[in-house]
Each structure stands twice: as structure tokens, then as C-alpha cells.
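What follows draws every value from the coordinates through simple rules; no lab data is involved. Keep in mind it's a predicted model, so treat the numbers as computed, not measured. Neighbour counts are summed over all protein chains in view; Cβ atoms, including those assigned to glycine, are modelled from backbone coordinates with ideal geometry.
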Amino acid sequence: MLLLLAALIAGCSALRIGYRQADIILAWRADDYFDLDEQQKRELDRRLDRLLQWHRYEQLPEYAAFLETAVRKAEPGLKHEHVVWFVDGFKARYRIIVDRGAADAAELLATLAPEQIVALRKRYDKVNRKFASENELDGDVEKRKRARLKKTLRQIEDWAGRLTWEQEEKIAALLDPIPLIEHLRHADRIRRQQEFLQLLRLRASKREFQPRLQAWLRDWEHGRAPEYEQLSSEVYEKRIQFYLAVDRLLTPGQRQTALQRLQEYADDCKALSERQPQARDMPRTPDRLVFF
């Protein structure tokens with residue numbers, strides 16, 4: 001369970017710092033995709049601040065409890081039902097955020113100009129090339145497997161610490177028979193991007209656009225190609241078995257390292273959810289727009 005959790009929340013290695021700068025990070029990402037104008041940036045700031053205030057004080061305490069429960073479940077050893085419980089919980093919390101923010105997202109997207117849609121298409125092309133490169137999609141099967149193994153080993157070591165050569169060899173043997181799915185995932189990402197571009201054509205109609213956007217965001221697994229749907233379900237189960245086996249390969253010290261990391265995330269969620277001084281009592285921070 002520890003290492004599946006790692007895979008699911010990888011990339012948040014500095015949670016407190018990252019969360020406190022979440023408005024900056026999210027706004028920068030939005031601008032990177034849409035090339036926002038100054039009025040759109042200001043409106044995005046206002047709506048992001050409202051969403052993050054809600055998330056920080058109403059959602060993070062529940063996240064802390066969720067993660068602490070995960071630690072307690074993981075301590076004696078990983079079980080299949082624990083992994084399913086966590087993944088289902090992760091999806092449920094994602095949908096809560098979607099339901100809260102969909103209306104604001106729809107209103108902001110409704111302001112996009114045609115040239116900003118062009119900017120989005122260009123950004124999609126860039127991220128798609130990056131995904132294909134990172135996963136060696138133009139390479140042969142062995143090259144793609146090596147790329148997958150490298151990424152998996154890095155995720156495990158990020159959480160459990162340095163692996164021995166023997167552990168790496170065993171992990172490679174466990175991972176090897178799991179079907180490669182990255183090429184299908186790549187195709188599905190492109191499908192989702194095209195769906196979003198089609199959806200944006202409705203942005204002038206608030207009554208139609210908002211509910212369809214919310215449904216599209218909530219049901220992100222809907223509409224997959226039959227081959228990808230079938231294989232992703234198979235790989236999901238095989239990945240669970242893989243992480244069960246990896247959990248048994250870890251030394252007590254490595255398991256403790258991973259457990260401690262997970263507990264630190266729970267502690268960070270608690271600390272971040274504590275009420276902060278009012279803005280007038282806090283030091284003035286630099287204008288966010290300097291980051292653009």
C-alpha cells in the first residue's frame with residue numbers, strides 16, 4: 001500500500017511550500033495553457049483564492065484523517081482491500097473538488113478568445129511530445145519496458161529510500177510481465193484533449209456548458225476505447241499484486257521510511273488547515289503577476 005500511495009501522490013514532495021503557493025502555481029499553469037490576458041488573470045486569482053480557502057479549511061482536515069487511516073492500515077502489512085479503499089477514496093476526493101470548482105471553471109473558460117484556443121492546442125502538442133518521449137513510445141518493447149522500470153524504481157526510492165541491487169532485480173522481474181499500457185494511455189490522453197476542445201465550442205452557452213464540463217471532469221474514465229478499458233482494468237489488478245509483492249521485499253527500515261513519509265503528509269495537512277492570521281496582520285507578499 002505504501003508504494004501505491006507513493007505512486008498516487010508522487011510529485012508533492014514539498015506539500016506545505018507547494019500548497020502555500022498553490023494559487024501562484026495553478027495560475028501559472030493556467031496561463032501556460034491558455035495565454036491569459038490581465039483581466040482573466042485577475043479573475044482567476046479571485047476565484048482560485050476562494051476555492052483554495054474552502055479546500056484548505058474544509059478538506060485538508062479530512063485529508064489528514066484519511067492519510068492517518070492509511071498509515072494505520074499499512075503498518076501491519078499491505079492487503080488488496082486496503083489498496084482499493086485508498087484508490088476509491090482518492091477518486092471520491094477528486095470529484096468533490098470538481099463539484100466545488102466546476103461553475104467557476106466554466107465561467108472563466110467562457111471568456112477564452114479564439115487565439116487562446118489555438119494556444120491550448122499548441123500546448124497540448126508540446127505535452128504530448130513530452131509524454132511520448134518520457135515513455136519511449138517510438139522505441140521497441142524492451143526500450144519501453146526500461147523506461148517504465150526506471151520510472152517505477154524512482155518512485156519507490158523516493159518513498160522507501162535506496163534499494164539494493166538485489167531488490168531492483170526482483171522488482172524488475174515482478175514488473176516485466178505486466179502489459180505495457182502507456183501507448184494506449186497516450187492515445188486516450190489525446191482523445192480527452194479533443195473532447196475538451198469540442199466542449200469549449202459550447203462555452204458561450206452557460207446553461208449547456210457548465211453541466212457538461214462538470215460531467216466531463218467527474219467521469220474522466222468515461223469514453224475509453226474498449227481495448228484500453230479492458231487492459232487498464234487488467235493492469236490495475238496486476239499493479240496491485242505488484243505493489244503487494246514489493247511491500248514484502250522492503251526491509252523494516254524501508255517500510256518505516258515510507259510510513260513516516262506518509263505520516264508527514266498527514267501532519268502537513270493538519271498544519272495547513274489551521275486558521276491563519278487575517279491578511280491585514282500578515283506581511284505583504286510580492287504581486288503574483290511577477291511570475292508571468
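Points to keep in mind about this one:
- Screening Trp216, Trp220 for residues that are in a loop (DSSP other than H, G, I, E, B), aromatic (Phe, Trp, Tyr) and under 21 Å from the mean Cα position of the chain (by Cα) leaves exactly one candidate, Trp220.
- Some residue of region 224-231 being aromatic (Phe, Trp, Tyr) and within 19 Å of the chain's Cα centre (by Cα): no
- Total residues in region 114-159, condition surrounded by fewer than 15 Cβ atoms within 10 Å (Cβ to Cβ) and either touching a Cys at 6+ places or on another chain (Cβ under 9 Å) or outside any helix (DSSP H, G or I) (or both): 3
- Taken over region 215-247, the criterion of being of a type in the set (D, E, K, R) and free of Cβ contacts under 8 Å to residues at least 24 places away in the same chain is satisfied by Asp219, Glu221, Glu229, Glu237.
- Filter result for the condition that a residue is crowded, with 17+ Cβ neighbours inside 10 Å, in contact (Cβ under 8 Å) with a residue 12 or more places away in the chain, in a helix (DSSP H, G or I) and more than 17 Å from the chain's Cα centre (by Cα), over Ala103, Ala70: Ala70
- Sub-6 Å Cβ pairs linking a first residue in region 166-177 that is free of Cβ contacts under 8 Å to residues at least 24 places away in the same chain to a second residue that is part of a helix (DSSP H, G or I) and surrounded by 14 or more Cβ atoms within 10 Å (Cβ to Cβ), at least 6 apart or interchain, are Ala172/Leu149, ordered by first then second residue.
- Positions within region 179-213 being polar (S, T, N, Q), in contact with a helix residue (DSSP H, G or I) (Cβ under 6 Å, 6 or more places away or on another chain) and either assigned to a loop (DSSP other than H, G, I, E, B) or more than 26 Å from Lys151 (Cβ to Cβ) (or both), in sequence order: Gln210
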